[in-house]
Amino acid sequence: MESSSGSVLWFTGLSGSGKTTTAQQVYARLKEIGRPVELLDGDAVRAAIGRGLGFSRSDRLENIQRIAYIANLLSGHGITVLVSAITPYKEMRDYLRSHVNGYVEVYVSCSLEQCEARDVKGLYAKARRQEIPQFTGISDAYEIPEQPDLTIDTEKRSLEANTEQILEWLRRNRWKAEAWTVQSAIAAGREQSGEGKAIEEVRNIR
């Protein structure tokens, strides 16, 4: 990850697994500590810029690519981006890892049975009755991530515990690196002859 880019935490998992709930909690915590952050909900983005797209494999990939484009624009300005989207196929996640700066794959683990039990909108019931075609987990596959950067378990662990796990990962893997980069830039600037050169060096790195 380049120092000028923010992290893109991409929450993937079944419908009802807790992706958006967890992302919202992480968003709130990042806001509290003054981190620039934005949340992109897959359903909301699809409604706004995905009109005309269905739920075929190719349409779903196109939708993910559109979300990725927005996430890249935001992260390029140093914003931490939280994306909540089912992202069911390995092909999609491979694309994201190759094309999204600062990509962090967060697998939201939850059994299908528990997701169905949480289904306040009744989507799973409709899918079982074949009223919703190509529904992930019922009539369409969810390919479980093989090597996610993070796995959180919303069935066995609390929302707060999962949120803290994510924040701790960021502290260890992203924020520590950011602090080191800035400190190195400041140290390098001090060795130059003019204050203006030091400021320019920091700006170039950040």
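Around the Cα centre of the range 63-146, unit charges on the Cβ atoms of Lys, Arg, Asp and Glu (plus for the first two, minus for the last two) sum to a dipole of about 260 debye.
Report note on the peptides 154-160, 13-19: ranked by the mean count of other C-beta atoms within 10 Å, highest first, their order is 13-19, 154-160.
Report the FRET efficiency, 1/(1 + (r/R0)^6), for Glu131 and Leu61, where r is their Cβ-Cβ distance and R0 is 22 Å, rounded to 0.05. Calculated value: 0.35. Charges were assigned to the Cβ only: +1 to each Lys and Arg, -1 to each Asp and Glu. The resulting dipole of the range 1-58 about its Cα centre is roughly 140 debye.
From the Kirkwood radius over Cα pairs of the range 26-95, Stokes-Einstein at 37 °C and 0.692 mPa s returns a whole-number translational diffusion coefficient of 254 µm²/s.
So what's Rg/Rh here for the range 18-65, counting alpha carbon atoms and using the Kirkwood radius for Rh? Taking Rg over the Kirkwood Rh, I get 1.11. Multiplying the residue separation of Asp94 and Lys176 by 0.36 nm and removing their Cα-Cα distance gives an extension gain of 26.9 nm. For the peptides 114-122, 37-45, the ranking by mean Cβ contacts within 10 Å, running from highest to lowest, is 37-45, 114-122. With bins 5 Å wide beginning at 0, the percent of Cα pairs of the range 16-144 falling in each bin runs 2, 10, 18, 22, 22, 14, 8, 3, 1, 0.
Read-outs: derived from the displayed coordinates by stated rules, not from any lab. The structure displayed is predicted, hence computed values, not measured ones. Every residue, glycine among them, receives a Cβ derived from its backbone with ideal geometry; neighbour counts consider all protein chains shown.
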